[in-house]
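The values are calculated or read from the model by the stated rules, or taken from the named source; none is laboratory data. These numbers were taken from a predicted model, which means no experiment stands behind them. Don't worry about glycine lacking a Cβ; one is built from the backbone with ideal geometry, like all the others, and counts go over all protein chains shown.
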Amino acid sequence: MGRKLVLGIDFDGTIAETIVNVLQLLNRRHGKNLSLNDVKKYLFNDIYGISKEELNNAYAKVLLSGEDVALVDDRIPEIIRGFDGLFDVYVVTASLAGKGCIEEWLDKKGIRVKGIAIVKSKAEFKEGDVFIDDSPFNAQYFSGVGKRIILLKRPYYSYGAEMDDDRIIKAENWKEAEARAVELAKDD
């Protein structure tokens, strides 16, 4: 194996379970009582009748408020530590919370990464060789530009045949995502 591969990992919904806190915030603001089980599509704009800007601000507010945002999987810190010899790991996010806030959250959870890339679009992070993300939209983009992506299954995203692509590797959970990432690193 030559150089370490660069692994970009999405933040919201992939590492941090911010969606639960965002739902609670939006429920309070809009008089609804939805849970993660009620959201079958990532269409908060439609569900709550809000703009994309208001949704992005809700994600930032949750992190900036100091609320306890859970990990998507409690094993994530250990899994990322296990990537150390194989990957240079970056968190790649469009979060408006800011780099310092995300660094603080990662530190509280015991997660160490090589860097954090705050981007408007994941397309801006050109250094990545492999990505772990929960968004089928990002998966299609990365595949289209020749990148490999591990698509982490989440209850609010559904997809079908459009994700049947050799570069899109589906993972039911973080344990599978870890195994697929290790395979990719060893095959490189």
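Before moving on, here are some points about what is shown:
- Any hit, the stretch 72-81, residues being more than 19 Å from Glu172 (Cα to Cα) and free of Cβ contacts under 8 Å to residues at least 60 places away in the same chain: yes
- Among residues of the stretch 1-35 being charged (D, E, K, R) and crowded, with 19+ Cβ neighbours inside 10 Å, the one that is modelled with the lowest pLDDT is Asp12.
- From the options Lys114, Lys147, residue that is basic (Lys, Arg), farther than 13 Å from Phe11 by Cα, modelled with pLDDT of 95 or more and touching an Asp or Glu at 6+ places or on another chain (Cβ under 9 Å): Lys114
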